[in-house]
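The values are calculated or read from the model by the stated rules, or taken from the named source; none is laboratory data. Model, not experiment: these values are computed from the prediction. Reconstructed Cβ throughout: ideal geometry from the backbone, glycine too, with neighbour counts over all protein chains shown. Keep in mind that these areas ignore ligands, DNA and RNA; they rest on the heavy atoms of the full protein, side chains included. Shrake-Rupley method; radii C 1.70, N 1.55, O 1.52, S 1.80 Å.
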Amino acid sequence: MDQSLTEEERQTRLAEAEAAYEAEVEGNLRRNYVANLAHGLLGQTGFRLVNAPTFVPAYIYLLSGSEFAVGLALAAQWFGASASSIFGATLIEHRKRVLPMGLLIGWGMRAGVLGLALGGFFLPPHLALVTAIGFLCLFGLFNGMQAVIFNTLMAKVIPLRLRGRLTGFRNFSAGLTAAGVSYLGGKYLVEGHAFGNGYASTFLVAFILTSIGLSLLMLVREPEPPTIRARAKLAGRLREIPSMLRADPALARFYMAAALAALGTMAVPFYVLYSGERIGLSGTNLGILSTAFLLAQTGANLGWGTLADKIGNRVVFMSAVGLWAISTFALLFTNEIWGLALVFAGLGAGQGGFQNSNQNIIVEFGARDDLPMRIAVLNTATSLMMAMGPLLGGFIARGISFTALFSLSIAVLAAAVIMMFFVDEPRKRRIRN
């Protein structure tokens, strides 16, 4: 902005630029809403096949026969995400348009899924295991950056008043599709050993769906904000994080709550292995449990999104994590397929609400220019816990028992809910640009 202007003139011009920015957002809202919905439908469908607590853990266990290997594989994915999130923020916070970088990173993320599929098709089991861990790490690395970029993009093009319902409906539609694909994948691809490897075939379907979804994101019309941060080096931005947390204690407490909830995922890869001890892990049973998990995640997201828009994401966070803990407790006392399907439905609804509220609440804590870094710190904290969790879970499941593992998971989930009692509802703040 012209330095010769008086402060009053600069403020007037900034207000006019903000008004023009908001007008552009509203003018492109229908197109951008549809593009984000379509991208989410196909992208989320594919990625849920990879991230659901069924196919990948069962595949890794099939290759290795080891609970620890399952934990190591999932840890590799989330260590990758934790290592790259803050770097992802530095890639975009100085750019007026973030979509081109998002598309580049998005294709890198999908390369990890494709590698997971190709390793299953063409490599012997011991090499397929090693490459699966490597490709899950690659998937995580790009996922860490993509989560920052795409959440920033959504915050730019979708107003706060509609964001909860959009993410809820997007997750709802993707969940319906993913549930159907999961059932068919379990029954016909995995159990039928499609193309010689049913798991690899399922991951290939995930790659195709996510690739189509990413292509549809090119329909988004992204506005250029009136102000952006100056370009900064990664080391410099890292040094600024402590002062950001000291300036907003509620934000720091939210990060702690989110990290505790993420640590609760230590039990997630082992839900299906525990269930398999009771009912057997046939392709049909795997399909039923995956479908229950994803359908519940789907239906609940509509309710979570509406509740978030009307009351706030803090209440959604607490309710969803509480449901997740209760469902984990119920898993310990369930021994037949339809009871387990009901438990997996509770797990899906709880984890879906946690993910939905987590990605939306962080937008409400402060200024737009600092949003990429706030998202990056959140993703780093949660991804690091989600990396440590499966390793810890693998040690406990193998060395002690599934009961001990699930009990510890319930304890940290309860601690997350308690911590959120000390976080004010950020929506009540005045949103600053």
Kindly evaluate residue 110 against the criterion of being open to solvent by 20 Å² or more (accessible area, probe 1.4 Å) and in contact (Cβ under 8 Å) with a residue 40 or more places away in the chain. no
Residue that is surrounded by the most Cβ atoms within 10 Å (Cβ to Cβ) [pool: residues in the range 53-76 that are closer than 17 Å to residue 140 by Cα and touching a Phe, Trp or Tyr at 6+ places or on another chain (Cβ under 6 Å)]: 70
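One line per residue, one yes/no per condition, for (1) over 15 Å from residue 268 (Cβ atoms); (2) touching a residue at least 24 places away in the same chain (Cβ under 8 Å); (3) open to solvent by 10 Å² or more (accessible area, probe 1.4 Å):
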{"position": "323", "(1), (2), (3)": "no, yes, yes"}
{"position": "328", "(1), (2), (3)": "no, yes, no"}
{"position": "331", "(1), (2), (3)": "no, yes, no"}
{"position": "338", "(1), (2), (3)": "yes, no, yes"}
{"position": "359", "(1), (2), (3)": "yes, yes, yes"}
Answer yes or no as to whether residue 157 is of a type in the set (A, V, I, L, M), open to solvent by less than 20 Å² (accessible area, probe 1.4 Å), in contact (Cβ under 8 Å) with a residue 60 or more places away in the chain and within 29 Å of residue 69 (Cα to Cα). no
Selected residue (criterion: farthest from residue 282 (Cα to Cα)) from residues of the range 57-113 that are part of a helix (DSSP H, G or I) and among the polar types (S, T, N, Q): 90
Is it true that some residue in the range 256-267 is at pLDDT 80 or above, under 26 Å from residue 49 (Cβ atoms) and hydroxyl-bearing (Ser, Thr, Tyr)? yes
Please state which one of 50, 34 is part of a helix (DSSP H, G or I), at pLDDT 80 or above, surrounded by 13 or more Cβ atoms within 10 Å (Cβ to Cβ) and touching a helix residue (DSSP H, G or I) at 6+ places or on another chain (Cβ under 6 Å). 50
Could you tell me whether residue 152 is more than 14 Å from residue 43 (Cβ to Cβ), β-branched (Val, Ile, Thr), assigned to a helix (DSSP H, G or I) and within 15 Å of the chain's Cα centre (by Cα)? yes
Exactly one condition in (1) part of a loop (DSSP other than H, G, I, E, B); (2) open to solvent by 30 Å² or more (accessible area, probe 1.4 Å) is not met by residue 306; state its number. (1)
Considering the range 160-180 alone, what residues qualify as being among the charged types (D, E, K, R) and either closer than 13 Å to residue 41 by Cα or open to solvent by less than 10 Å² (accessible area, probe 1.4 Å) (or both)? 170
Which listed residue, of 247, 267, 300, 252, is at negative phi, hydrophobic (A, V, I, L, M, F, W, C) and open to solvent by less than 20 Å² (accessible area, probe 1.4 Å): 267
Suppose the filter is surrounded by 17 or more Cβ atoms within 10 Å (Cβ to Cβ), in a helix (DSSP H, G or I) and in contact with a Phe, Trp or Tyr (Cβ under 8 Å, 6 or more places away or on another chain); does residue 129 pass it? no
Inside the range 181-232, can you point out the residues that are modelled with pLDDT under 85, in a helix (DSSP H, G or I), open to solvent by 40 Å² or more (accessible area, probe 1.4 Å) and not hydrophobic (A, V, I, L, M, F, W, C)? 183, 187, 188
Using the structure shown, decide if residue 288 is in a helix (DSSP H, G or I), modelled with pLDDT of 90 or more and β-branched (Val, Ile, Thr). no
